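Throughout, read-outs are computed from the coordinates displayed, never taken from laboratory work. This is a predicted model, so every value here is computed, not measured. Neighbour counts are summed over all protein chains in view; Cβ atoms, including those assigned to glycine, are modelled from backbone coordinates with ideal geometry.
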Amino acid sequence: MTARYDLHCHSLASDGTLTPAGLVQAASDAGIEVLALTDHDTTDGIREAAAAAVAGLRLVPGAEISITWQSQTIHVLGLGIDPGCDELQAGLAQLREFRDWRAEEIGRRLARAGIGGAWTGARALAQGRIVSRTHFAQYLVEQGHAPSVRDVFRRFLVNNRPGYVSGEWAELEDALGWIRAAGGMAVIAHPARYRLTASKLSRLVGEFRELGGVGLEVVSGSHTRDNINTMAALCRTERLLASCGSDYHGPENCWMRLGELPALPTGCTPVWESEQWPVQ
Ligand code: AMP
Ligand code: MN
Ligand code: MN
Ligand code: MN
């Protein structure tokens, strides 16, 4: 079965490797009918993606917003947002400011660890306004410091490693306010990736719902079958909607292909069945 919905993807506007138009074409070729472009902390790719949305594919304008919640980085998707919303754009601009500072700081820390030129190198690889850790990882692979992006993360870019800088992202409440102001639906991205204890996850979900959040990404490219079942159960007990998205970043990640996500488990209500859902 081909997945008709993919509600989490990246383009060159953040840390993906396809142009927004290229991503839309690839999704359409893979049989996807509804695609959300959800670049990190920017909506810059949406205009091009929407213009490229060919017959048979509807584009949902989105963003993946970086949040710090109880000292942890959490990602929340805004689906169906209006990119023209000033409040949203002001919020995203703040996040990009932190990103710019963090990128320089990552560069300084890597330099102290003996790896020079990383900030310049990462910035040169970033084609949009976002410099992400992915760009640092790509640069370090190019320079032969590690064999793969995954390896760079493990050795240099995560907690207790030389190039790690802790996140000071948006407050959950602020981010949900921006999404609401932009008319979007807030969904917690890849909830199993944060490795929260059951009680901490339940606190996050409780706060998230109180602040107007509506869904969990139950099916994600980074979720196992067990993760899917756990998050589906949480959606049912917490009466949240369920979303599905690959978190596709481009064809280089050969373990993740477009259009091959498993179906949402039965008993979950999909986000696209909500009255708030932006495309029919
Ligand atoms: P940033 O938002 O700049 O901190 O970068 C986060 C991005 O890095 C994620 O969206 C992923 O695309 C990528 N990423 C995070 N952890 C890993 C990992 N272990 N291996 C490969 N990519 C990763
Ligand atoms: Mn990413
Ligand atoms: Mn994410
Ligand atoms: Mn993502």
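A few notes on this one:
- Within the stretch 233-248, the set of residues being touching an Asp or Glu at 6+ places or on another chain (Cβ under 6 Å) and within 16 Å of ligand 1 (Cβ to nearest atom) comprises G245, S246.
- Condition check for I179: surrounded by 24 or more Cβ atoms within 10 Å (Cβ to Cβ) and not aromatic (F, W, Y): yes
- Qualifying residue in the stretch 22-36 (condition: under 20 Å from L125 (Cα atoms) and within 16 Å of ligand 2 (Cβ to nearest atom)): yes
- L35 being part of a helix (DSSP H, G or I) and either buried (at least 17 other Cβ atoms within 10 Å of the Cβ) or within 13 Å of ligand 1 (Cβ to nearest atom) (or both): no
- Residue in the stretch 84-94 that is closer than 19 Å to H8 by Cβ and in contact with an Asp or Glu (Cβ under 7 Å, 6 or more places away or on another chain) present: yes
- Pick from the stretch 61-94, criterion polar (S, T, N, Q) and in contact with a strand residue (DSSP E or B) (Cβ under 8 Å, 6 or more places away or on another chain), ranking: farthest from L211 (Cα to Cα): Q94
- Only residues that are surrounded by fewer than 16 Cβ atoms within 10 Å (Cβ to Cβ), of a type outside the set (K, R) and out of contact with any strand residue (DSSP E or B) (no Cβ under 7 Å at 6 or more places or on another chain) were counted across the stretch 251-280, and they come to 11.
- Just so you know, in the stretch 174-226 the residues that are assigned to a helix (DSSP H, G or I) and within 16 Å of ligand 1 (Cβ to nearest atom) include one that is nearest to V279 (Cα to Cα), and it is A175.
- Of the helices (runs of 4 or more DSSP H) entirely within the stretch 42-156, those holding at least 3 residues that are touching a residue at least 12 places away in the same chain (Cβ under 8 Å) and either buried (at least 17 other Cβ atoms within 10 Å of the Cβ) or over 20 Å from the mean Cα position of the chain (by Cα) (or both) occupy 46-52, 86-112, 118-125, 133-142.
- Here the condition is being within 25 Å of F98 (Cβ to Cβ) and not hydrophobic (A, V, I, L, M, F, W, C); of G215, G184, G144, it holds for G184 alone.
- Among residues of the stretch 220-250 being farther than 18 Å from D39 by Cα and within 16 Å of ligand 3 (Cβ to nearest atom), the one that is surrounded by the most Cβ atoms within 10 Å (Cβ to Cβ) is M231.
- Selection within the stretch 160-172 - over 18 Å from the mean Cα position of the chain (by Cα) and not in a loop (DSSP other than H, G, I, E, B): none
- Filter result for V205 (of a type in the set (V, I, T), touching a residue at least 40 places away in the same chain (Cβ under 8 Å) and out of contact with any Phe, Trp or Tyr (no Cβ under 8 Å at 6 or more places or on another chain)): no
- Any hit, the stretch 20-31, residues being assigned to a loop (DSSP other than H, G, I, E, B) and in contact with an Asp or Glu (Cβ under 7 Å, 6 or more places away or on another chain): no
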